[in-house]
Amino acid sequence: MRQSLHLFFLLIVAAGLPACTPEEAEKKATPAKTVAPDAALKRLLPNFNQQWAMHKLWEDGLAEVATYEAEREIYKKKRRFEYTLITVKEEFNGQFNVKTDDYQRPDIFPVMKVNQFGRIPTEQYPYHLLTSLFFRRDQPVALHKLTTSSQEWCGNTFKALTDEGSHYAQSYNSYWDGQGVGQRRLRHDVLFEDALPYTLRALNFEARPAFSATICDLQQTSKVTPPVYYAARVMVAEGRPADTAEAAWLVTVKLDAQKENAYWFAREYPNILLRQTTWDGRSLRLKKHRRYAYWTH
């Protein structure tokens, strides 16, 4: 084996090719690929503040941790539980498309990470849900990456979405018959329902925008059925004082004639999500929030 490796490096040198160790090869990173928003999403940009995530608030090295009183229907019964949304700035590297450990790399770029976590008790066993969404910091509308997983006693399911420029590539591993392991392409001209609690925070609320958008249905499920795309209508109005503990903007997302979601965001920056209701029985109401480095505890 040692002789074979020695011969391999001799051949490289003889061919005039630069030899490097695996560690050196790993460090040879190319600059991060910038993926422009789809043309359909570009038309939505006037409704949003593209600089929303560039505020100095996100430079303090802390995470926004918001805990909600939540409900979600499982086995035709509403389940009450705590749901946590974590929003924080991170530095990604282009080679692995994950948070970097080396800040001297030439391929790093800033993202906003949003983690959504819930543990839902039932009579038989608990459900655990975790979704991680990533947006380039200067692009609050176009999703950069999504991973989501569901675990309970029957099995676990994992899905991953990455932006490939002309489409989103989805890979999945499910315990459901007829699904199993696979890959598919998803449309690139869409907003994702999972991402709305973050994306809608960047709306130009004062202008009270109203617009149409294609929205891909919820990915935070244990199944990997083909996605449903809604020709949705998004509208902003002032929230009623009785609906939330503080002044809020109400964003209504009408997915179709029978399905409507509502999101209440605080008037003051950073426009935290105060409340949410959805057509399928999911609801959130803010219980507490704070900024701290949760990873050090």
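Applying the selection to segment 56-97, what residues are at pLDDT 95 or above, out of contact with any Asp or Glu (no Cβ under 9 Å at 6 or more places or on another chain) and closer than 19 Å to F117 by Cα? Once the filter is applied, which keeps residues that are at pLDDT 95 or above, out of contact with any Asp or Glu (no Cβ under 9 Å at 6 or more places or on another chain) and closer than 19 Å to F117 by Cα, segment 56-97 yields L62, A63, E64, V65, A66, E71, T84, E90. Q258 meets all of the listed conditions (1) surrounded by fewer than 13 Cβ atoms within 10 Å (Cβ to Cβ); (2) in contact with a strand residue (DSSP E or B) (Cβ under 9 Å, 6 or more places away or on another chain) but one, namely (2). Quick check on segment 28-51. Is at least one of its residues within 19 Å of A202 (Cβ to Cβ), modelled with pLDDT of 95 or more, in a helix (DSSP H, G or I) and hydrophobic (A, V, I, L, M, F, W, C)? Yes, some residue in segment 28-51 is within 19 Å of A202 (Cβ to Cβ), modelled with pLDDT of 95 or more, in a helix (DSSP H, G or I) and hydrophobic (A, V, I, L, M, F, W, C). Would you mind telling me which numbered condition in (1) more than 22 Å from Q116 (Cβ to Cβ); (2) surrounded by fewer than 18 Cβ atoms within 10 Å (Cβ to Cβ); (3) touching a Phe, Trp or Tyr at 6+ places or on another chain (Cβ under 8 Å) F205 fails? The number of the failed condition is (2). How many residues are of a type in the set (A, V, I, L, M, F, W, C), over 22 Å from A169 (Cα atoms) and surrounded by 18 or more Cβ atoms within 10 Å (Cβ to Cβ) if we restrict to segment 108-127? Going through segment 108-127 one residue at a time, the tally reaches 1.
Taken together, the residues in segment 266-278 that are out of contact with any helix residue (DSSP H, G or I) (no Cβ under 6 Å at 6 or more places or on another chain), part of a strand (DSSP E or B), under 27 Å from M54 (Cβ atoms) and not small (G, A, S) amount to 3.
Let me spell it out: the conditions are (1) more than 21 Å from the chain's Cα centre (by Cα); (2) surrounded by 18 or more Cβ atoms within 10 Å (Cβ to Cβ); (3) not hydrophobic (A, V, I, L, M, F, W, C), and Y230 meets all of them except one. Which number is the exception? Unmet for Y230, out of (1) more than 21 Å from the chain's Cα centre (by Cα); (2) surrounded by 18 or more Cβ atoms within 10 Å (Cβ to Cβ); (3) not hydrophobic (A, V, I, L, M, F, W, C): (1).
Residues checked against (1) buried (at least 16 other Cβ atoms within 10 Å of the Cβ); (2) not in a loop (DSSP other than H, G, I, E, B):
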residue	(1), (2)
R185	no, yes
H188	yes, no
A195	yes, yes
Y198	yes, yes
Q219	yes, no
S222	yes, no
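Beta carbons closer than 6 Å, at least 6 apart along the sequence or on distinct chains, pair a first residue in segment 206-231 that is without any contact (Cβ under 8 Å) to a residue 40 or more places away in the chain with a second that is of a type in the set (A, V, I, L, M, F, W, C) for R208/V236; A210/M235; C216/V190; C216/F192; D217/V228; Y230/I215; Y230/L255. A count restricted to segment 151-183 and to residues that are surrounded by 19 or more Cβ atoms within 10 Å (Cβ to Cβ) and over 15 Å from the mean Cα position of the chain (by Cα) stands at 3. When the residues of segment 128-150 are narrowed to those that are among the hydroxyl-bearing types (S, T, Y) and surrounded by fewer than 20 Cβ atoms within 10 Å (Cβ to Cβ), which ends up farthest from the chain's Cα centre (by Cα)? Out of the qualifying residues, it is S149.
Restricting attention to segment 271-281, the residues that are on the phi < 0 side of the Ramachandran plot and surrounded by fewer than 18 Cβ atoms within 10 Å (Cβ to Cβ) total 3.
May I ask you to verify whether L191 is in contact with a Phe, Trp or Tyr (Cβ under 6 Å, 6 or more places away or on another chain) and modelled with pLDDT of 95 or more? No; evaluated as a whole, the condition is false for this residue. Count of segment 233-255 residues, restricted to those that are over 22 Å from N49 (Cα atoms) and surrounded by 15 or more Cβ atoms within 10 Å (Cβ to Cβ), is 2.
The values are calculated or read from the model by the stated rules, or taken from the named source; none is laboratory data. For clarity, every value in this text was computed on a predicted model and none was experimentally measured. All Cβ positions, glycine included, derive from the backbone under ideal geometry; neighbour counts span all protein chains shown.
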